[in-house]
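A.B. asks: First, the structure itself, so that you have it in front of you.
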Amino acid sequence: MSSFYNQRVLILNPMAGSAERILELNAMLDSRPGWRIAQTEREGHAKEIARQARADGARQIIAAGGDGTVHEVIDGLYDPDDPTEIPFGLLPLGTGNDLARSLRLPDTLLDIIELIEREEHRPLDLIEVSPSSLKGCGKGRCFAVNAANGGNAELTHEIVDDEIKQRFGALAYLIAAIRALAELEVYEVELTWPEETTTRAEIFGMVVANGATLGGGM
């Protein structure tokens with residue numbers, strides 16, 4: 001029987017913005033049965049762990065990190081072509097934590113842990129990004145917070161690195177946005193709406209948002 005079977009699998013990113021709280025988290029979970037912590041070791045590892053935990057029959061799969069960790073875990077867990085009833089949970093330990101803010105999660109880790117253990121689930125929409133020839137998470141990519149495209153997304157990815165986030169926190173996203181203004185490029189896009197109407201436009205960038213804020217509360 002797999003080590004993840006019937007466990008609350010906490011996928012922990014030790015490089016997240018508030019990851020110094022790992023010792024606090026370990027102390028909280030040490031006396032609570034049914035929890036299993038799996039730390040990520042590289043980019044993309046959270047997605048691999050989520051897929052393995054799903055295959056093993058985990059009871060819940062929880063992302064402990066920032067919005068990037070959330071994306072990887074969601075991308076590894078859900079596939080509309082192969083549905084699962086394993087619920088997703090979140091312990092916000094990142095810099096931005098926009099999904100936690102949009103969901104209005106409690107302020108303390110202990111309160112969130114108790115909320116997860118009560119298993120009071122609610123549905124959450126996802127954003128799917130994939131080539132038109134591919135459909136379904138796992139074939140394209142799935143997001144729970146936002147998906148960005150264009151020069152602003154590329155520059156933010158380059159500018160907001162771990163060192164800057166550790167130094168400035170959520171302010172790092174605003175710094176990146178200001179720096180990006182001087183280097184924005186124009187992109188030609190074509191948008192097709194559910195009503196089958198098409199809009200063509202020139203844009204600097206596009207964000208598909210699934211919550212109330214982006215970039216750490218903006």
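The values are calculated or read from the model by the stated rules, or taken from the named source; none is laboratory data. Quick caveat, the model's predicted, so the values are computed rather than measured. Quick reminder, even Gly has a Cβ in these numbers, built from the backbone with ideal geometry, and neighbours come from all protein chains shown. These area figures cover heavy atoms from the full protein model, side chains too; ligands, DNA and RNA do not enter into them. Shrake-Rupley method; radii C 1.70, N 1.55, O 1.52, S 1.80 Å.
A.B. asks: Quick one: in region 57-67, which of the residues that are in contact with a helix residue (DSSP H, G or I) (Cβ under 8 Å, 6 or more places away or on another chain) and over 17 Å from GLN39 (Cβ atoms) is most open to solvent (accessible area, probe 1.4 Å)?
C.D. replies: Among residues in region 57-67 that are in contact with a helix residue (DSSP H, G or I) (Cβ under 8 Å, 6 or more places away or on another chain) and over 17 Å from GLN39 (Cβ atoms), the one most open to solvent (accessible area, probe 1.4 Å) is ASP67.
A.B. asks: Scan the strands (runs of 3 or more DSSP E) fully inside region 1-115 and keep the ones with 1 or more residues being small (Gly, Ala, Ser), closer than 26 Å to GLU128 by Cα and in contact with a Ser or Thr (Cβ under 8 Å, 6 or more places away or on another chain).
C.D. replies: The strands (runs of 3 or more DSSP E) meeting that bar are 60-65.
A.B. asks: Looking at region 68-102, which of its residues are open to solvent by 10 Å² or more (accessible area, probe 1.4 Å), closer than 16 Å to PRO14 by Cβ and modelled with pLDDT under 90?
C.D. replies: GLY68, THR95
A.B. asks: Select from region 30-43 the residues that are within 20 Å of the chain's Cα centre (by Cα) and among the basic types (Lys, Arg) and write down the one among them that is surrounded by the fewest Cβ atoms within 10 Å (Cβ to Cβ).
C.D. replies: Looking at the filtered set, the residue picked out is ARG42.
A.B. asks: Still on this model: Counting just the residues of region 1-20 that are open to solvent by 70 Å² or more (accessible area, probe 1.4 Å) and out of contact with any Lys or Arg (no Cβ under 9 Å at 6 or more places or on another chain), which one comes out modelled with the highest pLDDT?
C.D. replies: The qualifying residue modelled with the highest pLDDT is MET15.
A.B. asks: Can you name every residue in region 183-198 that is in contact with a strand residue (DSSP E or B) (Cβ under 6 Å, 6 or more places away or on another chain) and either open to solvent by 60 Å² or more (accessible area, probe 1.4 Å) or among the aromatic types (Phe, Trp, Tyr) (or both)?
C.D. replies: If the condition is that a residue be in contact with a strand residue (DSSP E or B) (Cβ under 6 Å, 6 or more places away or on another chain) and either open to solvent by 60 Å² or more (accessible area, probe 1.4 Å) or among the aromatic types (Phe, Trp, Tyr) (or both), then VAL186, TYR187, GLU188, GLU190, THR192, THR198 are the ones that fit.
A.B. asks: Take the residues of region 103-125 that are without any contact (Cβ under 8 Å) to a residue 24 or more places away in the chain and among the charged types (D, E, K, R): which is surrounded by the most Cβ atoms within 10 Å (Cβ to Cβ)?
C.D. replies: Only one residue fits best here, namely GLU114.
A.B. asks: Going through ALA27, ALA50, ALA46 one at a time, which residue ends up being of a type in the set (A, V, I, L, M) and open to solvent by 20 Å² or more (accessible area, probe 1.4 Å)?
C.D. replies: Result: ALA27 is the single residue among ALA27, ALA50, ALA46 that is of a type in the set (A, V, I, L, M) and open to solvent by 20 Å² or more (accessible area, probe 1.4 Å).
A.B. asks: Continuing with this model, one more query. Which ones in region 114-132 are over 20 Å from ALA144 (Cβ atoms) and either within 20 Å of the chain's Cα centre (by Cα) or of a type in the set (Ser, Thr, Tyr) (or both)?
C.D. replies: SER132
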